[in-house]
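The values are calculated or read from the model by the stated rules, or taken from the named source; none is laboratory data. The structure presented is a predicted model; accordingly, all values stated were derived computationally and were not measured. Virtual Cβ from ideal backbone geometry, glycine too; neighbours counted across all protein chains shown.
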Amino acid sequence: MPAISGVTQKELIELVQQHFPSRGYVEIRAMLNQCQAEIGQKSYISRRTDTDITTVAGTRFYDIDTDVVNIERVELTDSAGNYYTIPRILNSCGTEE
């Protein structure tokens, strides 16, 4: 894990151990790595575009990776190569987000 604001992972581990001396190095490092991943997801630092999803007529719901936090937009391409943007995304309750 890279240094955050000049603080290294080793320094963070030592700080945690000062407050929670029963916690081991491996456990704290695992928790720090998990926190780093969650911060990256929730702050949208990590973005990607999926282009390999095949749609099926009449299918409304599709499985997506569990690490997906937010979908910004959905675009479809027809067999002629024309792009169509879906104008809104509905949450699981059917209300517009």
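Inside segment 1-12, can you point out the residues that are of a type outside the set (Asp, Glu), part of a helix (DSSP H, G or I) and either at pLDDT 95 or above or more than 26 Å from Asp67 (Cα to Cα) (or both)?
Narrowing segment 1-12 to residues of a type outside the set (Asp, Glu): 1-10, 12.
Of the ones still in play, those that are also part of a helix (DSSP H, G or I) are 9-10, 12.
Answer for segment 1-12, where residues must be of a type outside the set (Asp, Glu), part of a helix (DSSP H, G or I) and either at pLDDT 95 or above or more than 26 Å from Asp67 (Cα to Cα) (or both): just Lys10.
Here are some residues: Ile64, Ile53, Ile71, Ile45. Which one is of a type in the set (A, V, I, L, M), part of a loop (DSSP other than H, G, I, E, B), loosely packed, with under 10 Cβ neighbours inside 10 Å and modelled with pLDDT under 85? Give the derivation first.
Numbers: Ile64 fails: loosely packed, with under 10 Cβ neighbours inside 10 Å; Ile53 fails: loosely packed, with under 10 Cβ neighbours inside 10 Å; Ile71 fails: loosely packed, with under 10 Cβ neighbours inside 10 Å.
After ruling out the rest, the residue left standing is Ile45.
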